[in-house]
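Undergrad: The structure is given below, and queries will be raised subsequently.
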Amino acid sequence: MNRIIGSNLMKSTSSILVRNQSIAPIKSFSTTPIINSSQVSEEDYNTKNSFKPIEESFAVVHISGKQFKVIKGDIIMTDRINVDVGEHIVLDKVLLVGTKSQTMIGTPLVENVKVHAYIEEQPKTEHVTIFKHKPRKNYKRTTGFQALATYIRIGDIIQK
């Protein structure tokens with residue numbers, strides 16, 4: 001079962017102007033530690049770090065400034081992540097994990113819980129046309145924008 005979950009892409013990070021001084025834009029913290037798929041598989045990572053999959057569970061993960069509710073097999077669309085297509089990554093910013101019998105809420109993160117994920121593709125999103133005009137002033141401007149996106153397939157949710 002594949003669910004496709006989307007989000008508003010590429011919210012601009014503009015500089016903040018304080019007393020005519022420019023401050024650098026605030027950058028979101030890194031999404032995940034990256035694991036090369038050709039070197040480490042899910043099973044090898046789990047046995048090496050003594051993790052076990054949590055069956056029939058969901059998780060809320062934090063990826064590039066956004067939160068996604070995911071289950072095994074989901075495909076989510078998020079902002080561009082600088083990882084090659086086909087790579088295996090481990091999402092370690094898990095905010096909540098739930099099963100039929102229990103729910104673990106992090107403060108702010110759930111300890112010893114991670115989510116396996118794979119980079120599926122990195123396309124551009126749909127083109128957005130921006131048209132500005134001011135009535136009776138002969139002012140018309142047309143611009144366009146295409147955000148860079150990453151499709152991620154969710155693997156197992158694991159716990160130590």
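Rule-based calculations on the coordinates, nothing more; no lab input. This structure is a prediction, so every number in the text was calculated from the model and none was measured. A quick note on method: Cβ atoms are made from the backbone with ideal geometry, for glycine too, and the neighbour counts reach across all protein chains shown.
Undergrad: Counting Lys and Arg as +1 and Asp and Glu as -1, what is the net charge of the other residues whose Cβ lies under 9 Å from the Cβ of F131?
TA: +3
Undergrad: Let me ask something else about it. Per the Cauchy relation, a quarter of the hull surface: what is the mean projected area of the convex hull of the alpha carbons in the range 92-160, in nm²?
TA: Here the figure is 8.5 nm², rounded to one decimal.
Undergrad: Also, quick follow-up: Work out how much length D44 to T103 would gain on full extension: take 0.36 nm times their residue separation and subtract the Cα-Cα distance, in nm to one decimal.
TA: So the chain would gain 18.5 nm between D44 and T103.
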